[in-house]
Amino acid sequence: NFFQSQLNLPVKISPRDVVVLNPSYERRRINTGSNNLLSPHGPTYKELDFQSLSFTVSNQHTFSDTTAQLLAAAAIRHYADIRLSPSENTLTPAFALLYSKRTSQRFAWKLGAYYSKEFFGNLWLPLVGFDWKISDRLWCWGILPRYAVMDYTITPYWHSCINYKGVTDSYRLPEEDWFSIVEGQLRWSNDFYIPRTGLMMTVDVGHSIA
């Protein structure tokens, strides 16, 4: 079971700089079935309930060459068992830097790096991104290996999408233990934009593929 909600609040602080505030919340339940997880600290887990609280601040800077941009982001995250409250033992930082260059009205490439402090150690990832408007209705974009999206516009207020998300997350458990999820997720979603509100509702289904 999985639930997610998030809010993006853009603030234009200069003609070339936009700051985005992004609070988000996720809740996930994992049932291990007959394969119980045995902790080295003693407890045995058959069903795990996690919650993820995060707050991200990012700044997108547009250079004097307006086809080039630099995105810098920093986040503080609480990834833990549902029974644990945010504390020094559950909070971890994450950072990303991404340079993008638009080569035409329909295509842009991106290069960057990502770092996060996980409970199993340090995670470093190179980032390769793209933004490709294939036609007036079909748009594809992503930052690999984190995510990729193919978006088809049915109407201005209804988009149907195929989404890939690469997940490498770790969660704090009781008894100073931790649990890690490494998987690829494939989802089909339908995004409904509510006119004149700036709000969007998403309905999706998906499954792990790796």
Task: region 103-134 - residue that is more than 28 Å from Asn89 (Cα to Cα) and aliphatic (A, V, I, L, M) and, of those, surrounded by the most Cβ atoms within 10 Å (Cβ to Cβ) - done: Ala108
Open item on the list: So Tyr152 passes all but one of these: (1) assigned to a loop (DSSP other than H, G, I, E, B); (2) at pLDDT 95 or above; (3) not hydrophobic (A, V, I, L, M, F, W, C). Which condition number does it fail?
Closed with: (1)
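Given the options Val205, Val149, name the one that is more than 23 Å from Leu9 (Cβ to Cβ) and either exposed (fewer than 15 other Cβ atoms within 10 Å of the Cβ) or aliphatic (A, V, I, L, M) (or both). So that I can check it myself, show each step before the final result.
Working: Val149 fails: more than 23 Å from Leu9 (Cβ to Cβ).
Matching residue, one of Val205, Val149: Val205.
Could you check, for region 36-57, whether at least one of its residues is small (Gly, Ala, Ser), at pLDDT 90 or above and open to solvent by 40 Å² or more (accessible area, probe 1.4 Å)?
Just the residues of region 36-57 that are small (Gly, Ala, Ser), to begin with: 39, 42, 52, 54.
Adding the requirement that they be at pLDDT 90 or above leaves 52, 54.
Keeping just the survivors that are open to solvent by 40 Å² or more (accessible area, probe 1.4 Å) gives none.
For region 36-57, residues small (Gly, Ala, Ser), at pLDDT 90 or above and open to solvent by 40 Å² or more (accessible area, probe 1.4 Å): absent.
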Open item on the list: For region 72-91, give me each residue that is without any contact (Cβ under 8 Å) to a residue 60 or more places away in the chain and polar (S, T, N, Q).
Closed with: Ser85, Ser87
TODO: Would you check which residues across region 176-185 are surrounded by 14 or more Cβ atoms within 10 Å (Cβ to Cβ) and under 12 Å from Lys165 (Cα atoms) and list them?
DONE: Gln185
Task: Where a residue in region 108-132 is touching a residue at least 40 places away in the same chain (Cβ under 8 Å) and more than 20 Å from Phe179 (Cα to Cα) and its partner, wherever it lies, is open to solvent by 20 Å² or more (accessible area, probe 1.4 Å) and outside any strand (DSSP E or B), with Cβ under 6 Å and at least six apart - done: none
Open item on the list: Out of the residues in region 23-35 meeting the condition of being surrounded by fewer than 16 Cβ atoms within 10 Å (Cβ to Cβ) and modelled with pLDDT under 90, tell me which one is nearest to Pro10 (Cα to Cα).
Closed with: Arg29
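May I ask you to list the residues in region 152-175 that are over 21 Å from the mean Cα position of the chain (by Cα), open to solvent by 80 Å² or more (accessible area, probe 1.4 Å) and closer than 30 Å to Glu118 by Cα? Even if it seems obvious, please write down each step before you answer.
Just the residues of region 152-175 that are over 21 Å from the mean Cα position of the chain (by Cα), to begin with: 153-158, 173-175.
Right, trim to open to solvent by 80 Å² or more (accessible area, probe 1.4 Å) and you get 156-158, 175.
Across region 152-175, the qualifying residue is only Glu175.
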Open item on the list: Can you pull out every residue in region 86-99 that is farther than 18 Å from Thr56 by Cβ and either open to solvent by less than 40 Å² (accessible area, probe 1.4 Å) or in contact with a Gly (Cβ under 8 Å, 6 or more places away or on another chain) (or both)?
Closed with: Tyr99
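The values are calculated or read from the model by the stated rules, or taken from the named source; none is laboratory data. Since we're looking at a predicted model, the values are computed, not measured. Because the Cβ atoms are built from the backbone with ideal geometry, glycine has one as well, and the counts that use them run over all protein chains shown. Quick note on the areas: whole protein, heavy atoms, side chains included, nothing else; ligands and nucleic acids left out. Shrake-Rupley method; radii C 1.70, N 1.55, O 1.52, S 1.80 Å.
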